[in-house]
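**Student:** Sharing a structure below in structure tokens format, with a few things to ask.
The values are calculated or read from the model by the stated rules, or taken from the named source; none is laboratory data. Since we're looking at a predicted model, the values are computed, not measured. As a convention, Cβ positions derive from the backbone with ideal geometry for all residues, glycine included, and neighbour counts pool all protein chains shown.
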Amino acid sequence: MVTEVIIPTNSNNHRNSNIDIIILDYSMPVMIGPHFAQEVRKMGYNALIVGLTGNAFNDDKEIFLKSGVNYVLTKPLDVGELDNIIKKFYNMEQ
């Protein structure tokens, strides 16, 4: 269950927050999702990162995974699939 959504306006916002999941689009305005994932991993973020792309080709998925993203989903987002990923990552499966 989502209890809070944080939309940072720059990379310094919420640096010390307890963020359980980051969902990144591949194409973002300031930097692409894989680059952002690399940056937050360098800052010590170890929780779940999910990449989201409109491109179902393996190239985008591989770039995401190599950048530190845990899972990659294609658009349109399947909320049930995202829920399964969260449960699996946090060992919440029934």
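**Student:** Only residues that are among the hydrophobic types (A, V, I, L, M, F, W, C) and under 12 Å from the mean Cα position of the chain (by Cα): list them for region 33-43, please.
**Tutor:** Taking region 33-43 first, the residues among the hydrophobic types (A, V, I, L, M, F, W, C) are 36-37, 40, 43.
PHE36, ALA37, VAL40, listed by residue number.
**Student:** For region 49-68, what are the residues that are surrounded by fewer than 18 Cβ atoms within 10 Å (Cβ to Cβ) and in contact with a Phe, Trp or Tyr (Cβ under 8 Å, 6 or more places away or on another chain)? Even if it seems obvious, please write down each step before you answer.
**Tutor:** Residues of region 49-68 surrounded by fewer than 18 Cβ atoms within 10 Å (Cβ to Cβ): 54-59, 62, 65-66.
GLY54, ASN55 - these are the residues of region 49-68 that are surrounded by fewer than 18 Cβ atoms within 10 Å (Cβ to Cβ) and in contact with a Phe, Trp or Tyr (Cβ under 8 Å, 6 or more places away or on another chain).
**Student:** Sticking with this one: I need the full set of residues from region 55-68 which are in a loop (DSSP other than H, G, I, E, B) and either free of Cβ contacts under 8 Å to residues at least 24 places away in the same chain or in contact with a Pro (Cβ under 7 Å, 6 or more places away or on another chain) (or both), in order please. Give the steps one after another, and end with the answer.
**Tutor:** Going residue by residue through region 55-68, those that are in a loop (DSSP other than H, G, I, E, B) are 55-57, 67-68.
Those that are in a loop (DSSP other than H, G, I, E, B) and either free of Cβ contacts under 8 Å to residues at least 24 places away in the same chain or in contact with a Pro (Cβ under 7 Å, 6 or more places away or on another chain) (or both): ALA56, PHE57, SER67.
**Student:** Name, by its number, the condition in (1) at pLDDT 95 or above; (2) in contact with a Lys or Arg (Cβ under 7 Å, 6 or more places away or on another chain) that does not hold for GLY54.
**Tutor:** Condition not satisfied by GLY54: (1).
**Student:** Same structure again: Residue by residue through region 6-30, note down the ones that are aliphatic (A, V, I, L, M), farther than 11 Å from GLY68 by Cβ and at pLDDT 90 or above.
**Tutor:** To start, the set of residues in region 6-30 that are aliphatic (A, V, I, L, M) comprises 6-7, 19, 21-24, 28, 30.
Checking which are farther than 11 Å from GLY68 by Cβ leaves us with 6-7, 19, 21, 23, 28, 30.
ILE21, ILE23 - these are the residues of region 6-30 that are aliphatic (A, V, I, L, M), farther than 11 Å from GLY68 by Cβ and at pLDDT 90 or above.
**Student:** Kindly list, by first and then second residue, each pair from a residue in region 73-94 that is of a type in the set (A, V, I, L, M, F, W, C) to a residue that is part of a loop (DSSP other than H, G, I, E, B) and loosely packed, with under 12 Cβ neighbours inside 10 Å, limited to pairs with Cβ atoms under 8 Å and residues at least 6 apart or on different chains.
**Tutor:** Cβ pairs passing all conditions: ILE86/MET92.
**Student:** Oh, and also: Under the condition of being among the polar types (S, T, N, Q) and in contact with a helix residue (DSSP H, G or I) (Cβ under 8 Å, 6 or more places away or on another chain), which residue from region 56-93 is farthest from ILE22 (Cα to Cα)?
**Tutor:** As a first pass, look at region 56-93 and keep what is among the polar types (S, T, N, Q): 58, 67, 70, 74, 84, 91.
Okay, now just the ones that are also in contact with a helix residue (DSSP H, G or I) (Cβ under 8 Å, 6 or more places away or on another chain), so 67, 70.
Values: SER67: 13, ASN70: 10 Å.
Checked region 56-93; the qualifying residue farthest from ILE22 (Cα to Cα) is SER67.
**Student:** How many of the residues in region 18-37 are part of a helix (DSSP H, G or I) and crowded, with 16+ Cβ neighbours inside 10 Å?
**Tutor:** In the first step, residues of region 18-37 are kept if they are part of a helix (DSSP H, G or I); the result is 33-37.
When the remaining residues are screened for being crowded, with 16+ Cβ neighbours inside 10 Å, the result is 33-34, 36-37.
Counting residues in region 18-37 that are part of a helix (DSSP H, G or I) and crowded, with 16+ Cβ neighbours inside 10 Å gives 4.
**Student:** Output the residue which, of all residues in region 38-48 that are at negative phi, at pLDDT below 95 and not polar (S, T, N, Q), is surrounded by the most Cβ atoms within 10 Å (Cβ to Cβ).
**Tutor:** VAL40
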